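Take a look at the structure below.
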Amino acid sequence: MEDCSKVYNSVLELIGDTPLIKLQRITENLPGNFFAKVEAFNPGHSTKDRIALHIIETFEKQGILKPGSTIIETTSGNTGFSVAMVSIIKGYECVLAVTSKSSKDKIEMLQNMGAKVYVCPANVSADDSRSYYQVAKRLNEEIKGSVYINQYFNPLNTDAHYLTTGPEIWKQTQGAITHLVACSGTGGTISGTARFLKEQNPNIRILGVDAFGSVLKKFHETKELDPDEIYPYRIEGLGKNLIPDATDFDIIDHFEKVTDEESAHRARELACKEGLFVGYTSGAATQALFQLAQKGEFDANSHVVVIFPDHGSRYLSKIYNERWMQEQGFFDSQHTEAEKRVEYIR
Ligand code: PMP
């Protein structure tokens, strides 16, 4: 974290070394001690800063990236922001292919971070030439010397967490960690962090968080991708409808599935009870803590580290928006607590 006596050459020097914060109130009725690794403290406000920096610097060392080269990725989310941020500082062109499902706010944010954004139709299959995968592939072929980050299938994603997130948690807990709880999307965070931690202590339990509507938990248990598991859900960044290479399924002891509704309420509870304004998947990971505690996973001596991947500001029009919560049917009353706290003087 920031050393106030130091002057930094760029925001990139502030990536990583995020704080571990003890949860004080939300988990008070659960057995054990709970600590959140709050990744919103990265300069791009998410854990994806780590992978963007590591992948880009590795490509530079391998001579794959040259000054002025173009970097391509398919995401409107945190990775897009982080790749755009690193590209600005290092002088690369950043091209992002996103789907038309991405909010206007997100697209504008990426534009303002200097990225060229291609908005592709969301309702076409992955092999349609207009899909964001195919558009990224085509741009990668057409733009000479361009590189495609491809976080779901890039082992450097997992390595970034093996090299940074894992060692930081080991040091911050002074080796006392007994459980790691982390959301799985590409699986880079959980797999890389777990690889480092299990090398230090193979008894640490590695607990993945998955969404209802995603294939990861069932694949972990059966080694089969069951298409019947797939249906739309609202949490962004968690779970998947394919099996990412970046996930090391063997290192994960158990996957816990969480619902959109309970995860949204947990994120809001984190703001009210811990003063931590964090993203939707931080709520999902916290919801998993409750379900795991109920299954007897923790005892009084447990030292549980839960990863909070990003900041709440990215969800102002979703879980932190009263109308959105209402529209999803996540509130049972017309007037919510948060709504009651606003008074208009006319
Ligand atoms: N939470 C959020 C908000 C994310 O954007 C992601 C990345 N898809 C994750 C959790 C999961 O992280 P990982 O991809 O490393 O599994």
Residue pairs within 9 Å by beta carbon, gap of at least six or interchain, first lying in segment 130-141 and on the phi > 0 side of the Ramachandran plot, second buried (at least 18 other Cβ atoms within 10 Å of the Cβ), listed first then second, are none
Could you tell me whether Gly213 is open to solvent by less than 10 Å² (accessible area, probe 1.4 Å), at positive phi, free of Cβ contacts under 8 Å to residues at least 40 places away in the same chain and not in a helix (DSSP H, G or I)?
yes
Among the residues of segment 157-175, the number that are open to solvent by 40 Å² or more (accessible area, probe 1.4 Å), more than 20 Å from the chain's Cα centre (by Cα) and polar (S, T, N, Q) is 2
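Okay, residues lined up against (1) within 16 Å of the ligand (Cβ to nearest atom); (2) open to solvent by 60 Å² or more (accessible area, probe 1.4 Å); (3) touching a strand residue (DSSP E or B) at 6+ places or on another chain (Cβ under 9 Å):
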{"residue": "Thr58", "(1), (2), (3)": "no, no, no"}
{"residue": "Ser69", "(1), (2), (3)": "no, no, yes"}
{"residue": "Glu73", "(1), (2), (3)": "yes, no, yes"}
{"residue": "Ile89", "(1), (2), (3)": "no, yes, no"}
{"residue": "Leu96", "(1), (2), (3)": "yes, no, yes"}
{"residue": "Ser102", "(1), (2), (3)": "yes, no, yes"}
{"residue": "Asp105", "(1), (2), (3)": "yes, yes, no"}
{"residue": "Ala115", "(1), (2), (3)": "no, no, yes"}
Considering segment 170-194, residues that are touching a helix residue (DSSP H, G or I) at 6+ places or on another chain (Cβ under 7 Å) and more than 13 Å from the ligand (Cβ to nearest atom), and then whichever is nearest to Gln287 (Cα to Cα), we arrive at Ile177
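Condition first: within 13 Å of Val306 (Cα to Cα) and more than 17 Å from the chain's Cα centre (by Cα). Now tell me which residues in segment 176-203 satisfy that. Working first, answer last.
Taking segment 176-203 as the starting set, the residues that turn out to be within 13 Å of Val306 (Cα to Cα) are 177-184, 189-190, 193-194.
Within segment 176-203, Ile177, Thr178, His179 qualify.
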The correct count of residues that are open to solvent by less than 90 Å² (accessible area, probe 1.4 Å), touching a strand residue (DSSP E or B) at 6+ places or on another chain (Cβ under 9 Å) and of a type outside the set (Phe, Trp, Tyr) in segment 216-233 is 4
Within segment 309-320, of all residues that are open to solvent by less than 50 Å² (accessible area, probe 1.4 Å) and assigned to a loop (DSSP other than H, G, I, E, B), the one nearest to Gly187 (Cα to Cα) is Pro309
Residue pairs qualifying under the 8 Å Cβ cut-off, at least six apart or on distinct chains, with the first in segment 221-248 being under 21 Å from Ser46 (Cα atoms) and the second being within 9 Å of the ligand (Cβ to nearest atom) and open to solvent by 50 Å² or more (accessible area, probe 1.4 Å), are Lys240/Tyr152; Pro244/Tyr152; Ala246/Tyr152
- Message: Taking the conditions exactly as written (of a type in the set (A, V, I, L, M, F, W, C), away from the ligand (no atom under 16 Å from the Cβ) and assigned to a loop (DSSP other than H, G, I, E, B)), does Leu225 satisfy them or not?
- Response: yes
Of the residues in segment 2-47, those that are in contact with a Leu (Cβ under 9 Å, 6 or more places away or on another chain) and either open to solvent by 30 Å² or more (accessible area, probe 1.4 Å) or of a type in the set (A, V, I, L, M, F, W, C) (or both) number 16
Contact list, first residue from segment 75-93 and closer than 16 Å to Ser313 by Cβ, second anywhere and more than 10 Å from the ligand (Cβ to nearest atom) and of a type in the set (Lys, Arg), beta-carbon distance below 6 Å, six or more apart or interchain, is Ser76/Lys106
Residue in segment 107-124 that is closer than 27 Å to Thr247 by Cβ, of a type in the set (A, V, I, L, M, F, W, C), assigned to a helix (DSSP H, G or I) and in contact (Cβ under 8 Å) with a residue 24 or more places away in the chain present: yes
Pairing a residue in segment 153-175 that is closer than 17 Å to Ala52 by Cβ with any residue that is open to solvent by 30 Å² or more (accessible area, probe 1.4 Å) and assigned to a helix (DSSP H, G or I), where Cβ atoms lie under 7 Å and the two sit 6 or more apart in sequence or on different chains, gives Leu156/His54; Asp159/His54; Ala160/His54; Tyr162/Arg195; Tyr162/Phe196; Leu163/His54
**Study point:** Selection status of Thr178, modelled with pLDDT of 95 or more, open to solvent by 20 Å² or more (accessible area, probe 1.4 Å) and touching a strand residue (DSSP E or B) at 6+ places or on another chain (Cβ under 6 Å)
**Key:** yes
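The values are calculated or read from the model by the stated rules, or taken from the named source; none is laboratory data. This structure is a prediction, so every number in the text was calculated from the model and none was measured. Glycine gets a Cβ as well: all are built from the backbone with ideal geometry, and neighbour counts include every protein chain shown. Side chains are part of the model used for accessible areas, which takes the heavy atoms of the whole protein and leaves out ligands, DNA and RNA. Shrake-Rupley method; radii C 1.70, N 1.55, O 1.52, S 1.80 Å.
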